[in-house]
Each structure stands twice: as structure tokens, then as C-alpha cells.
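Step one of this worksheet: look at the structure below.
The values are calculated or read from the model by the stated rules, or taken from the named source; none is laboratory data. Every value quoted in this text rests on a predicted model; they were computed, and no experiment measured them. All Cβ positions, glycine included, derive from the backbone under ideal geometry; neighbour counts span all protein chains shown.
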């Protein structure tokens with residue numbers, strides 16, 4: 001499955017990902033954001049699993065397995081631009097702000113804001129077709145979690 005997703009991500013124009021692959025791609029992007037500051041804290045792992053449980057109606061075991069698969073995909077995945085482009089094709093515009101909110105929730109879950117995470121999330125927002133204002137609102141909502 002990971003090899004299929006990687007092939008899709010490496011294609012010149014990524015096609016729309018089917019639902020199971022889109023889930024895994026989102027989970028991998030959550031992992032990538034968590035690792036952006038050079039630390040992959042237990043709080044970030046826990047937040048990723050909570051997000052996956054809530055977004056995809058998964059139990060704890062399935063969320064942990066999806067996160068584990070996502071860690072493998074993230075370690076092999078191409079640059080964030082292609083990665084996000086595939087997610088943009090998979091997620092309708094009206095749902096992308098909630099993706100960004102989830103990403104901010106992971107970035108903030110370790111209790112500190114990092115300049116590298118801010119830069120990564122700003123790039124992701126742009127690649128998802130969202131504005132800095134959209135990102136700021138998503139961050140504010142994530143801070144309330």
C-alpha cells in the first residue's frame with residue numbers, strides 16, 4: 001500500500017487519492033509536521049492518534065496502526081510540496097481548513113511554537129489553497145483544543 005501511495009505522490013500530476021490512501025497521506029503529513037522541530041514528542045504522537053480517531057471514527061488500536069504506517073510513509077515520502085498537492089486533490093476546499101487545524105493541533109501539542117513549524121504550516125496552508133488568515137483561524141481553533 002505504501003509503495004502505491006509513493007508512486008502516486010511521485011507522479012508528475014498526482015491523481016486523487018482513494019479514501020484509505022488519503023487517510024494515510026493525512027496521517028503522514030501530521031507526522032511530518034510533528035517532526036519538523038527535530039523532536040517527535042509523546043504528546044505529538046498522542047495528539048495524532050486522537051485526531052485520527054476523531055476524523056476517521058477509529059478505535060485506539062486502529063489509530064495507532066494508522067499512525068505507525070504513516071511514520072513509515074513519511075520517512076519515504078517525497079518533498080512536502082508533492083505530498084500536499086496530493087492531499088489538496090483528495091480533500092474538497094471546504095474541508096481543508098479542518099486539515100490545517102489538525103496540523104496546528106499537532107504542532108502545538110508539545111507546548112511550544114517553533115519557527116520551523118510555523119514556516120512549514122504556512123507553506124502547507126498555501127499549498128492547500130488557504131490564506132494566512134485561514135491558517136491563523138485554524139491555529140486559534142487548535143489552541144482551544
Take the conditions touching a residue at least 60 places away in the same chain (Cβ under 8 Å), within 19 Å of residue 116 (Cα to Cα) and surrounded by 14 or more Cβ atoms within 10 Å (Cβ to Cβ) and apply them to residue 74. Does it pass? no
Output for the stretch 17-34, where each listed residue is surrounded by fewer than 19 Cβ atoms within 10 Å (Cβ to Cβ) and closer than 26 Å to residue 112 by Cα: none
Could you grab me the full set of residues in the stretch 37-71 that are at pLDDT below 95 and buried (at least 22 other Cβ atoms within 10 Å of the Cβ)? 70
Residue in the stretch 39-71 that is nearest to residue 85 (Cα to Cα), counting only those that are in contact (Cβ under 8 Å) with a residue 12 or more places away in the chain and in a loop (DSSP other than H, G, I, E, B): 39
Which helices (runs of 4 or more DSSP H) does the stretch 82-145 wholly contain that include 1 or more residues that are within 12 Å of the chain's Cα centre (by Cα), surrounded by 13 or more Cβ atoms within 10 Å (Cβ to Cβ) and in contact (Cβ under 8 Å) with a residue 24 or more places away in the chain? 93-108, 115-127
